[in-house]
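What follows draws every value from the coordinates through simple rules; no lab data is involved. In this text, all values refer to a predicted model and were calculated from it rather than measured experimentally. Neighbour counts are summed over all protein chains in view; Cβ atoms, including those assigned to glycine, are modelled from backbone coordinates with ideal geometry.
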Amino acid sequence: MTWRSLISFSALLLSGAGLVLSAQVREDTVDAILQSVSREGACTDARFKMVLATVEEVPVEYSGEIFYQQGCYRVVGKDFSIFCNSDYIWTVDAVDGEVVRQDAMLISDIIPEGKIKADYTPDGSCITAISIYAEKGTVEITVPSMTFIPEKPESFYTLDVSSLPPNYVVTEL
């Protein structure tokens, strides 16, 4: 599993988390988590901190903001961003000036069922943290803030490659 896959998958899960003092923990399914982060007629806007810990390497931290609605998402972090309009995923690496575009993938193809643990508020209505257990490491996500804002247009979740600086390299997988 690549860091792009982990970040893309994690982005889909982030928007349902809120901050509380105590929580219940349970192993969950991908479908249950995605259902809990969806709100009819709204876009979820959340700040996040994510730590990827692989077996072979030192843990890597990412933080930023995610927008999620109806299967589409956009992640903005320091020196990276991800756009997904449910057809394609664009991963933008601002440091290397590289964009990778690939077909959008099913979450169940990235993380099998039973490999996710979610922390919920005491009443079980809101996710406060997510742990993802993959073959080569773990992903720990915390979300210090989350709000629901008016829906964004589909173009918000699609990268306009023509707007990139001329030195960027775009690779289609």
Packing rank of 157-167, 137-147, where each peptide gets the mean count of other beta carbons within 10 Å, highest leading: 137-147, 157-167
Per-peptide average of other Cβ atoms within 10 Å, ordering 96-104, 84-92 highest first: 84-92, 96-104
Residues with amide H under 5 Å from that of F80, placed H, sequence gap 5 or more: A94
Under-5 Å amide H pairs with V170, H placed in peptide plane, nonlocal only: V99
Vicinal HN-Hα couplings computed from phi for segment 86-92 (Karplus, 6.51 cos²θ - 1.76 cosθ + 1.60; Hz; Gly/Pro x): 6, 9, 9, 10, 10, 10, 10
Eligible lysines near K117 by straight Cα distance, threshold 26 Å, same-chain separation 8 or greater: K49, K136
